[in-house]
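Values quoted throughout were computed directly from the atomic coordinates according to the rules given, and no laboratory measurement underlies them. Keep in mind the model is a prediction, meaning the values are calculated, not measured. Here the Cβ positions follow ideal geometry from the backbone for every residue, glycine too, while neighbour counts run over all protein chains shown.
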Amino acid sequence: MRATDADHRGALARHGDRVDRYIKGNSPENEFQPVRLSYGLYYQLDHTSHMQRIKLAGGLMTSAQMRVLADIGNDYGRGILHVTTRQDIQIHWVDLENIMPMYERLHEVGITTRGACADTLRNVTAAIRAGTLAGEPFDVTPYALAVHEYFLFHPLNLTQPRKFKIAFAGEPEYDSVQARINEIAYFPKVVDGQPGFSVWAAGGLGAQPHLAQKVRDFVKAEDLLLMTEALVRLQHRSSERKNRKRARMKYLFQKLGAERFIAELDAIYATVEREHGDAVRAELAEIVASYHALQPKHPGAPLPKSDDADFAHWVRTNTFAQKQEGYFLATVQLPLGDLSGAQLHVLADLADEYGAGEARLANDQNIVLCWIPGDRLEAVHRRLCEIRLGAADAFLISDVVSCPGADYCNLAMSRSMGVATDIREHFLAMNGDVEKLGTFRVKISGCPNACGQHQLGDIGLTGQSTKGSDGKYTPHYSMLIGGRGGEDESRLGVRVGGRFVVADVPKAVAAVARDYQEKRNPGEQFPDFVDRIGADHVAKVARDAAPASH
């Protein structure tokens, strides 16, 4: 089912006709809504302009794609692009008349927005360090791309009961995609010399979060598409169709129970195997064989000594040594996931000049450059500083993850990006203490829909709104503590009682972090600290620091 250029162009032509009918007043809003959503186009708060979500499978971008994305952001989106927790890019303030020219420009560099929203298979996410990390069983990237390509024009893609998400983990010690909050989570394994995956299903966040549960210990890599299709068919056939609030796979799993869910999956898998097992395996093999990681522009080299303290700090917190000797990954920290078209152009130049002509969007809303020789890292950092993207402390407490919130979204109950800015600025003023704390993730969602994936943060914050005696609504936040990702280690955060007014949130977060730093055991991660010292203790620390709240 590999999509051809003719498939894409035919789909774009049909979509363009529907857009044109709507613009001319020949199609009512209720008919146009599912059309625009199927290509990732949302209304913004004012309902006169739009937000466009752009899928990038596995977060991968070539330098050519980066330049087109930068130009589109400049031409159609007021010069700002936003990186999401699903390895997508969003552009705001897009006029409807510009939609089809934008799609055509994206198509020319191999990008589609088909399935970026609506009841579809959404963007397939993948580990940000895949193919470069020592200890990974194998590179999951070609398999993530194969799933994306196979299902793009699959007949079940656009007719799911609800959105359907798939993730490929890769790092043994760091689950950069929070895989188990997806409908399907694949964790790479090698068993008896055979590459494959453990399979977890029925994850999802929102107001009733549910971690994916294991449905297969091991599926051979060659059977990946068969297993994926079986799970997609199970969701399409058996999940709720009348009540959208209960149409995610997590509710189907709860309804059937693990034993029956797995039995039905096995039966559907057998059907898929019988119908076209050999053909699908051959297609997967073809897609995987056609994947060739880009080659670095320069030979690897060790990292030389430097007297620049700021550069040394950035190296400690923002770079990783690849398994390929002499090469490094560099995390470009984007404040709240935003960057300008001009900045993205420079990142494309850096990828070409020093890397392998490629970058990757990260689920923590940053951008990763790869294949940078050690002796060229300082030049990269210098250029990043020139465009105000050279900040250190990636993955630390000041590197806050946030959904767009009430600045853009009509579902949000609070300005999550505003409180994220307050937290970030609070910790940036601490002059080095942030690094001493170590990896610590704060994740914020403007409403219970959990686009900021707050349930998986060391500290997670959820926007809420309360009507006071004066009839006015006041935004505030609830807090969760101790969430984490991982295959067997995944867990949802524990809710702290009460609520926190916006002005108190940075103080509460800082108090919890300070208490953790003072009382933790050597090497102890925050979720383990919460287990040892008790969630009630941590909750009291947060509430005591915010007496105006609750």
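Odds and ends about this structure:
- Pairwise alpha-carbon distances in the stretch 309-386 exceed 22 Å for 15% of all pairs.
- What you get for the stretch 5-108, charging only the Cβ of Lys and Arg (+1) and of Asp and Glu (-1), is a dipole of about 200 debye around the Cα centre.
- Between residue 324 and residue 282, the FRET efficiency from the beta-carbon distance, with R0 = 45 Å, is close to 0.90.
- Square roots of 5 times each gyration tensor eigenvalue, C-alpha, the stretch 57-146, largest first, Å: 27, 14, 12
- Each of 279, 453, 300 was placed along the dipole of the chain (beta-carbon charges, centred on the mean Cα), and the one lying farthest toward the positive end is 453.
- Dipole magnitude for the stretch 428-508: about 320 debye, using +1 per Lys or Arg Cβ and -1 per Asp or Glu Cβ, origin at the Cα centre.
- What the Cα convex hull of the stretch 1-124 gives, in volume per residue, is 111 Å³.
- Prolate/oblate/rounded label for the stretch 35-95 (Cα gyration tensor, a/c 1.5): oblate
- Label point of residue 220 set 7 angstrom out along Cα-Cβ; within the stretch 258-273, amide nitrogens under 14 Å from it belong to 273.
- For the stretch 49-64, the Karplus equation 6.51 cos²θ - 1.76 cosθ + 1.60, evaluated at θ = phi - 60°, returns couplings of 10, 10, 10, 10, 9, 10, 7, 9, 4, x, x, 6, 9, 7, 4, 5 Hz by residue, with Gly and Pro reported as x.
- Residue among 199, 339, 478 farthest towards the positive dipole end of the chain, charges placed on Cβ: 478
- Farthest positive-ward along the chain dipole, Cα basis, beta-carbon charges - from 74, 493, 185: 493
- Cα convex hull of the chain - mean projected area over all directions, nm²: 26.0
- D (Stokes-Einstein, µm²/s), Kirkwood Cα radius, the stretch 132-290, 1.306 mPa s at 10 °C: 99
- Average silhouette area of the stretch 471-550, convex hull of alpha-carbon atoms, in square nanometres: 6.0
- Rounded to the nearest 20 debye, the dipole size of the chain about its Cα centre is 1860 debye, using +1 on the Cβ of Lys and Arg and -1 on the Cβ of Asp and Glu.
- Directionally averaged projected area (convex hull, Cα atoms, the stretch 223-289), nm²: 5.0
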